[in-house]
Every structure is written in C-alpha cells, then in structure tokens.
Amino acid sequence: MATSARPLAVVTGASSGIGYELARCCAQHGYDLLIAADEGEIEDAAKTLRDLGVNVDAVEADLATTQGVDNLYAALGGRYVNALLANAGRGLGKGFLDQDFEEARRVLDTNITGTIYLIQKIGRDMRARGQGKILITGSIAGFMPGTFQAVYNGTKAFLDSFSFALRNELKDTGVTVTCLMPGATETEFFERADMLDTKVGQSEKADPADVAKLGFEAMINGDGEVIAGWGNKLRAAFASILPASVTAEQHRKMAEPGSANT
Ligand SMILES: NC(=O)c1ccc[n+]([C@@H]2O[C@H](COP(=O)([O-])OP(=O)(O)OC[C@H]3O[C@@H](n4cnc5c(N)ncnc54)[C@H](OP(=O)(O)O)[C@@H]3O)[C@@H](O)[C@H]2O)c1
C-alpha cells in the first residue's frame, strides 16, 4: 500500500462500465484510488489506471457480503477517504417468479446491503473528520416499477431515496451525498442481467464515460443528484406524474424477454 499527499477515492464496481470511468475521472483529477470488484478483472483495471500517474490499490471482494465489505475497509489501513463512490451493482432480468431466488438475493445484497454497510463504515469516519464526499450510483429505474426487472428497480428506488435521506442527515457536517441517476448505459450490465433479448438491451445507450463525468462533477460540486441526459430527465419527470400502472406497462415494453424482436 503506497501513501501520498494526494486525496484518496474508494470506487466500488470499478472493473468495468460506469465504475471504471468514475475511477478514471478521480485519477484524472489527482485522486489516489482504492478500487474494488468481485472478480480478477479489477487488477487489469488497476494496471490501466496507474498509467494516469496516481497510486492505485485493488481489492477483489464480494461486496454482497459483510466480510467482503470488511476486507475492502481493512485494505484502507487507516487511511482517510476523501471520496467514496459506491457504484457496484447488478441487474437481473425476467419475471420475478422465473428468477432464481439466490440470484435475486444477490442483487439485493450487492445493491443495498453491501452498499449501505460500506457507506456506514466510511461515512462515520468522514463525519468524525468533518469532511468527505459520497457518490451513490442509483438510477432513474428507481422512479418506475421494473416490470421484468422488479427486484433491481426496487433496489434503485431504495438507493435513490436513501441517498437523499442521508444527505439531509449529514447537512452541516461537511460530508455531502450525491446520487448519480443514469438511464440505460452501454456497459456489461445488460449481458450480466441476461437481458440481451430485450428492447432496452438492444437499444442505443449512453456512453459510460459521459455518465461518469456528470456524476463526478456533481459529487465535486456537492450536488444532491444528477440525472444523466435530457431524455432521462424527461423520463424521470413523466414517471413522477404518470400512474405507476402506466410506467409499469412502459417498462414491460422495454424489458420483457423477447421484446428485442417485436
Ligand atoms: N448500465 C446501465 O444501464 C445502468 C443504468 C443505471 C444505473 N446503473 C448502475 O451503475 C452501476 C454500475 O453498473 P454498470 O452499468 O457499469 O455495469 P457493469 O459494467 O456490469 O459494472 C458493474 C460493476 O459492479 C461490480 N460488482 C457487481 N457485483 C459485485 C459484487 N457482489 N461485489 C463486488 N463488485 C460487484 C462488477 O464487478 P465484477 O464483474 O467483479 O462482479 C463491476 O465492476 C450499477 O450500480 C448499476 O446498477 C447502470
């Protein structure tokens, strides 16, 4: 573990997609990095990020488990965290009754339990020091019932809500909480969620580098939220006024298995 005078950012889910790009933003802005993901690719990400001239430590840990989160926290070795980017997450397509329950539980444990456990551990240190920035990757999915992705959208509704509540609890402490709410983004997410046969899986999506840049800037500014892209801002606005039965039906059209071919 190398130490330096640079600020330190912890980025979870940094082996690919939005998390990798968030880590890149942090490195480009002079943060040393502690990055984490569940599989060995996190070491490849660390090698590439080191080319940006900062110290990068990588931890392979299953952040769906308290042990995995404890391992990541232990890897800090007492270093103070200036920015926590709690981004690791996973989706799961198909109808709820057709999902494997262990896979559904893994979505809950990764997106909710592991995420808030890590935020509590590092957030306590930040509050004690009176300084820190937390970015949570929520989603505009949190605004609408996720037909054929019901558990996932529920986890994002939780995170969107949790983020605003924690932000308010921490006002006047020097710790800010920002919620990044992307819409569909071109990452490994849809393949991992077994949703490549869906309309949303095959649709044109946002560039994860653009999404991450918006999230990073919002975190630095201490904003409460950022919705990535005008189309998604509109979708979020409509979702807040349309009945849930209507948005649930809209979600069906995007996420129903086989909808890519209709
Ligand atoms: N793509 C979208 O359309 C979209 C839209 C809105 C929000 N989001 C959110 O954006 C975040 C990043 O997703 P992405 O789109 O960038 O997908 P991605 O490319 O699949 O990246 C997900 C990252 O999370 C890590 N991860 C998943 N489960 C983990 C676990 N149990 N423990 C540790 N790391 C774990 C993955 O690492 P491993 O490979 O090692 O598991 C990977 O680094 C997620 O929270 C997702 O919900 C995505």
(message) Taking the condition of being under 17 Å from Ser15 (Cβ atoms), outside any helix (DSSP H, G or I) and of a type in the set (Gly, Ala, Ser), how many residues in region 39-86 meet it?
(response) 6
(message) Quick check on Lys94: is it under 21 Å from Lys199 (Cβ atoms) and assigned to a loop (DSSP other than H, G, I, E, B)?
(response) yes
(request) Taking only region 205-262 into account, find how many residues are under 24 Å from Asn87 (Cβ atoms) and of a type in the set (S, T, N, Q). (result) 2
(request) Go through Gly114, Gly142 for me and flag whichever is assigned to a helix (DSSP H, G or I), surrounded by fewer than 24 Cβ atoms within 10 Å (Cβ to Cβ), under 15 Å from the mean Cα position of the chain (by Cα) and within 11 Å of the ligand (Cβ to nearest atom). (result) Gly142
(request) Provide a single number: the residues in region 127-139 that are out of contact with any Phe, Trp or Tyr (no Cβ under 8 Å at 6 or more places or on another chain) and more than 16 Å from the ligand (Cβ to nearest atom). (result) 6
(message) Tally up the residues in region 30-51 that are farther than 26 Å from Asn111 by Cβ and surrounded by fewer than 16 Cβ atoms within 10 Å (Cβ to Cβ), please.
(response) 4
(request) Determine which single condition Asn82 fails, assuming it passes every other condition in (1) within 15 Å of the ligand (Cβ to nearest atom); (2) within 18 Å of the chain's Cα centre (by Cα). (result) (1)
(request) Could you please give the count of residues in region 3-26 that are outside any strand (DSSP E or B), under 13 Å from Asn82 (Cβ atoms) and either within 15 Å of the ligand (Cβ to nearest atom) or in contact with a Leu (Cβ under 9 Å, 6 or more places away or on another chain) (or both)? (result) 1
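We did not get these values from a lab; they are worked out from the coordinates using the rules stated. Predicted model, so just to flag it, every value in this text is computed and none were measured. Every residue, glycine as well, gets a Cβ built from its backbone with ideal geometry; the counts of neighbours run over all protein chains shown.
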